[in-house]
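Here the structure comes first, spelled out in structure tokens, and everything after it is commentary.
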């Protein structure tokens, strides 16, 4: 019995020691520190993070070093000022993209990854038709007011963001294809769902996450968040852009404080 107790004490001490070791060279975080920092995310996400803490922190470091305006939380509760217009908007006319209409524009910062993604999809027989992109506060106001004339407020709020709360105002959101549920079953829709994250784009309003996002399922609406954040969303947050952006908004300051120079 004494020998068994000694063995248990040894393994417990080893486990205790491991929990106090710094788990990534770029952060002054132990496993216990990380467990505390992720305690507010869903249990499945916590398990994934703790199973690969070094990979998680590596991607977090890259997200922290990237353009922070790509990770702004814009949803029903968090909005943008009426005068907020991206400084690097460019028209998409002239780029080798499949545009359903002229005059579409997006932020310049995402154009290289968008072109790479469009070429990869085209090469695999799934050309990506772009239907909608940047939308100003004024344009969103017009659309919202018109929708309220033809639908109940409850219906509108499930499908259309009020002015200042649309991701399209960021200049990093794209609506692809027909903007109907049938898009999910097209070659482009299926290709995007499987591959878009590798190019920095993630689905904003996934199926089954209506309560979390506040919006109905939209298989056509993708937002560019950059490759590190997209990998975090795909690999650790179960494809929940909303869940990751909420987590990032709450914790990025703490992760910054834990960075090692």
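Rule-based calculations on the coordinates, nothing more; no lab input. Since we're looking at a predicted model, the values are computed, not measured. Ideal geometry is used to build each Cβ from the backbone, glycine not excepted, and the neighbour counts take in all protein chains shown.
Take the Cβ atoms of residue 194 and residue 20, set R0 to 35 Å, and the FRET efficiency comes out at 0.30. Maximal additional length on extending the residue 187-residue 28 stretch stands at 52.8 nm, based on 0.36 nm per residue less the C-alpha distance.
For the chain, take the longest principal axis of its alpha carbons; what is the angle in degrees between that and the long axis of helix 53-65, to the nearest 10 within 0 to 90? Rounded to the nearest ten degrees, it is 50. A helix-only calculation puts the chain at -14000 deg cm²/dmol for mean residue ellipticity at 222 nm, using -39500 (n - 2.57) for each DSSP H run of at least four residues, averaged over all residues. With axes computed from alpha carbons, what is the tilt in degrees of helix 227-236 against the longest principal axis of the chain, rounded to the nearest 10 within 0 to 90? Compared with the principal axis, the helix lies near 60 degrees.
Between residue 120 and residue 138, the contour length at 0.36 nm per residue exceeds the alpha carbon distance by 3.0 nm. Axis angle, to the nearest 10 degrees, between helix 137-150 and the longest C-alpha principal axis of the chain: 70 degrees.
In percent, rounded to a whole number, the relative contact order of the chain is 21, using alpha-carbon pairs under 8 Å and six or more apart. Ordered by the count of other Cβ atoms within 10 Å of each Cβ, fewest first, 180, 186 give 180, 186. Sorted from greatest to least, the principal axis extents spanned by the alpha carbons of the chain come out as 78, 42, 37 Å. Extension gain for residue 260-residue 50 works out to 73.6 nm (0.36 nm per residue, less the C-alpha to C-alpha distance).
One Cα centroid belongs to segment 245-261, the other to segment 182-205; the line between them spans 28 Å.
Ordered by the number of other Cβ atoms lying within 10 Å of each residue's own Cβ, fewest first, 220, 191 fall into the sequence 191, 220.
Separation of segment 42-82 and segment 95-156 by C-alpha centroid, Å? Cα centroid of segment 42-82 versus Cα centroid of segment 95-156: 24 Å apart.
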